[in-house]
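Novice: A single structure is presented below for examination.
Laboratory data are not the source of any read-out in this text; all were calculated from the coordinates shown. Just so you know, these numbers come straight off a predicted model, no measurement behind them. With ideal geometry, Cβ positions are generated from the backbone for all residues, glycine too; neighbour counts draw on all protein chains shown.
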Amino acid sequence: MLDDEAQDDLRANKNLGVYKGALYENIVGEAFVKAGCDLFYYKRKDSTLEQDFFLRTANNLVPIEVKSQNGK
């Protein structure tokens, strides 16, 4: 989610490229929540390793990685 400063910057400067990934993650997260899914997130301490979302099925946690560009 974008903090207040980032939201203000986006509105004032139309800096979509800088925030596109975060915006896409929010859109996907909102869609999952509206569908009734419980969302889980992972970020490793002292690392850049993260997983955007996990969805719980009956037997598994399914990792979901949101990308704002194809193949990246």
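Novice: Condition first: in a loop (DSSP other than H, G, I, E, B) and at negative phi. Now tell me which residues in segment 16-38 satisfy that.
Specialist: Matches in segment 16-38: A35, C37, D38.
Novice: Would you point out the residue of segment 49-72, among those that are within 11 Å of the chain's Cα centre (by Cα) and β-branched (V, I, T), that is surrounded by the most Cβ atoms within 10 Å (Cβ to Cβ)?
Specialist: Across segment 49-72, the extreme among qualifying residues is I64.
Novice: Please find, within segment 1-48, the residue that is farthest from the chain's Cα centre (by Cα) out of those that are surrounded by 12 or more Cβ atoms within 10 Å (Cβ to Cβ) and among the small types (G, A, S).
Specialist: A6
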